[in-house]
1. When you scan the stretch 85-94, do you find a residue that is under 18 Å from the mean Cα position of the chain (by Cα) and either within 19 Å of Leu147 (Cα to Cα) or touching a residue at least 24 places away in the same chain (Cβ under 8 Å) (or both), even just one?
2. For Ile11, which of the numbered conditions (1) among the hydrophobic types (A, V, I, L, M, F, W, C); (2) at pLDDT 95 or above; (3) crowded, with 21+ Cβ neighbours inside 10 Å; (4) touching a helix residue (DSSP H, G or I) at 6+ places or on another chain (Cβ under 8 Å) fails to hold?
3. Among (1) at pLDDT below 95; (2) polar (S, T, N, Q); (3) part of a helix (DSSP H, G or I); (4) within 23 Å of Leu165 (Cα to Cα), which single condition is Gln142 missing?
4. When you check Thr173 against the structure, is it closer than 15 Å to Leu72 by Cβ, of a type in the set (Val, Ile, Thr) and either surrounded by fewer than 21 Cβ atoms within 10 Å (Cβ to Cβ) or within 13 Å of the chain's Cα centre (by Cα) (or both), yes or no?
5. So Arg136 ticks every box in (1) of a type in the set (D, E, K, R); (2) in contact with a His (Cβ under 9 Å, 6 or more places away or on another chain); (3) assigned to a strand (DSSP E or B) but one. Which box is left unticked?
6. Tell me, please, whether a residue that is small (Gly, Ala, Ser) and without any contact (Cβ under 8 Å) to a residue 40 or more places away in the chain can be found in the stretch 9-21.
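The values are calculated or read from the model by the stated rules, or taken from the named source; none is laboratory data. The model shown is predicted, which means the values in this text are computed figures rather than measured ones. Cβ sites come from the backbone with ideal geometry, for glycine too, and all protein chains shown count toward neighbours.
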Amino acid sequence: MRILVLGAGVIGSVYAGKLIAAGHDVELLARGRRLADLRADGLILADAESGQDTTVPVTAIGALGADSRYDLVLVPVRSEQLAATLPILTGMAHPCDVVFFGNTAGCHDHLTEALGARALFGFPAVGGVRDGPVVRYVLIRQQQTMLGEPTGATTRRVRHLRTVLHDAGFPTTITSRIQGWLIGHAAFVVPIAFALYRVGVDPARLAADPVTLRLMVTATRQAFTALGAGRDVEIPTNLRVLYLWLPAAFAMRYWRRVLAGPKGELWFAAHTRAAPDEMRALATDLHAAVLRTGRAAPELTTLLHCSEPPG
């Protein structure tokens, strides 16, 4: 399969590297220093769990060729960067399917209108940081890579893409409610991000702050309770168990342990620090979705109002 990965940050780099290792013909579109590093050093991936470093030869490009042909474009960029990808995607001489791969809640209608039937949506299961030419990452095994059609249908192309990603080492699930899944995910990740903003995006400091940690957990519990009352929002079972079925004290202990260790930075803090505009937009969409349910979520409101992303 010939694949363009439009964006060479942590997510794009890890998925590109594993797709290349699985035998696919992948090009990675990058800019500036990142493009120079890829051309000089290749794609350097450091697995933070296993300690294994891998250098993957990659074709890195700064722009599409006039006659470039692909079977698929993967777009793993932050939400505020999506608009800049549309001229590239709509201007392709040979259009193909496009998977928008990230926090696209609130953007679906605009993206689908721009690309029509070409558009699909998904979410990665990788976290990490970029350190110069090296991408240090961890696979988030508690979460599968998600895929979904805008219509909710389980089509041949989305089943094929699930197989492609699974064979590259990413266990993948198709959902019929990808927009609802993304709102549910926002209800989980936004309180973590805003709790981190409250403590200077220092996960170890958050782990040691029981007041903010409790506010974070309670905010998600309230958001899940409100959103779970409707049929359009999908909350993964593991998160439903952690936040709604078990005592809040259990969730606090779990996150204290995660945030105090390396995963606190790799899973959450690195992206939270790099994406204040995206987190602000996600928070706005989440708060609006909760308000529409008519159910109270006072701790969520408090957390969003007392914790401001930088900039």
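1. yes
2. Every condition holds for Ile11 apart from (4).
3. (3)
4. No.
5. If we test Arg136 against (1) of a type in the set (D, E, K, R); (2) in contact with a His (Cβ under 9 Å, 6 or more places away or on another chain); (3) assigned to a strand (DSSP E or B), just (2) comes out false.
6. No, the stretch 9-21 has no match at all.
To keep it simple, each residue is scored yes or no on (1) modelled with pLDDT of 95 or more; (2) aromatic (Phe, Trp, Tyr).
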| position | (1), (2) |
| --- | --- |
| Val158 | yes, no |
| His166 | yes, no |
| Thr172 | yes, no |
| Gly180 | no, no |
| Ala193 | yes, no |
| Tyr197 | yes, yes |
